[in-house]
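Engineer: Structure below; questions to follow.
Since every read-out is calculated from the coordinates, none of them should be taken as a lab result. This one's a predicted model, so the numbers in the text were calculated from it and none came from an experiment. All Cβ positions, glycine included, derive from the backbone under ideal geometry; neighbour counts span all protein chains shown.
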Amino acid sequence: MSDKMISGISHITFVVKDLDRTDKIFRDVLGAEEVYDSGEQHYSLYREKFYVAGGQWIAVMETEEIVKRTYHHVAFRVEGSSLAAYRNRIKQAGLEIRPSRSRIGGEGESIYFYDYDNNLFELHTGTLQERLEAYKKG
């Protein structure tokens with residue numbers, strides 16, 4: 001393997017206005033574990049917290065520089081049997097669920113929701129292979 005090959009995703013970063021408020025989404029909705037809180041000691045650009053969800057490192061940074069909503073998002077893989085429970089957690093957190101895009105059979109199901117700062121999250125039941133097979137069948 002060449003040293004120029006990407007070996008995976010290092011981390012995902014979200015930028016939010018209120019880190020403490022967003023903490024509830026990562027803990028209560030996504031079930032993430034907080035592993036770091038910078039507090040007042042800033043080693044990066046802003047105050048930040050690190051979480052681990054599904055083995056993935058997620059950084060959340062606090063600033064006033066928030067952008068408008070887009071379709072840019074991160075999708076976390078979940079089991080289909082857990083979608084209803086996630087939908088309830090999202091609603092209990094007072095978050096906005098975005099209507100799903102149109103889908104063809106076999107590509108999995110999704111719940112899309114915005115956090116308080118216009119970051120879009122997707123909880124998805126499918127895999128890349130399942131989606132490629134569904135698209136091939138049309």
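Engineer: Whole-Hz Karplus ³J(HN,Hα) for the range 35-47, in order, using 6.51 cos²θ - 1.76 cosθ + 1.60 and θ = phi - 60°, x for Gly and Pro?
Structural biologist: Here the 3J(HN,Hα) series is 10, 7, 9, 5, x, 8, 8, 9, 8, 10, 5, 9, 4 Hz.
Engineer: Share of antiparallel DSSP beta bridges in the range 12-137, in percent to the nearest 5?
Structural biologist: Numbers: 18 of 28 bridges.
Roughly 65 percent of the DSSP beta bridges within the range 12-137 come out antiparallel.
Engineer: Can you show me the helix-derived [θ] at 222 nm for the chain, built from DSSP H runs with n ≥ 4 at -39,500 (n - 2.57) apiece and divided by the number of residues, rounded to the nearest 500.
Structural biologist: -5000 deg cm²/dmol
Engineer: Could you work out how much longer the chain between Arg77 and Glu33 gets when fully extended? Use 0.36 nm per residue separation minus the Cα distance between them, nm to one decimal.
Structural biologist: 14.2 nm
Engineer: Still on this model: Any chance you could give the angle, 0 to 90 degrees and rounded to 10, that helix 83-92 forms with the longest Cα principal axis of the chain?
Structural biologist: 40
Engineer: Per residue of the range 61-76, what does 6.51 cos²θ - 1.76 cosθ + 1.60 with θ = phi - 60° give for ³J(HN,Hα)? Whole Hz please, x for Gly and Pro, Karplus curve as stated.
Structural biologist: Couplings: 10, 10, 7, 7, 7, 9, 9, 5, 5, 9, 8, 4, 7, 10, 10, 9 Hz.
Engineer: Give the long-range amide H neighbours of Thr63: residues separated by 5 or more places, or on another chain, with amide H under 5 Å away, using H modelled in the peptide plane at 1.01 Å from N.
Structural biologist: Sorted by chain and number, the residues that satisfy this are Val16, Lys17.
Engineer: Pick out, from Leu95, Leu83, Leu19, the residue whose Cα sits farthest towards the positive end of the charge dipole of the range 12-137, with +1 on the Cβ of Lys and Arg and -1 on the Cβ of Asp and Glu.
Structural biologist: With unit charges placed on the Cβ atoms, the residue in question is Leu83.
Engineer: What lysines does Lys49 reach when the alpha-carbon gap must be under 23 Å and sequence neighbours fewer than 8 apart in one chain are set aside?
Structural biologist: Within the straight-line limit of under 23 Å, Lys49 reaches these lysines: Lys17, Lys24, Lys68.
Engineer: Moving to a separate point now. Need the C-alpha centroid separation for the range 62-118 versus the range 12-56, integer Å.
Structural biologist: Answer, in whole Å: 18.
Engineer: Moving on. In square nanometres, what is the average projected area of the Cα convex hull of the chain?
Structural biologist: The Cα convex hull of the chain, projected and averaged over all directions, gives 10.6 nm².
Engineer: Using θ = phi - 60° and the Karplus relation 6.51 cos²θ - 1.76 cosθ + 1.60, list the HN-Hα couplings for the range 117-122 in order, rounded to whole Hz, with x at every Gly or Pro.
Structural biologist: 10, 6, 6, 9, 10, 10
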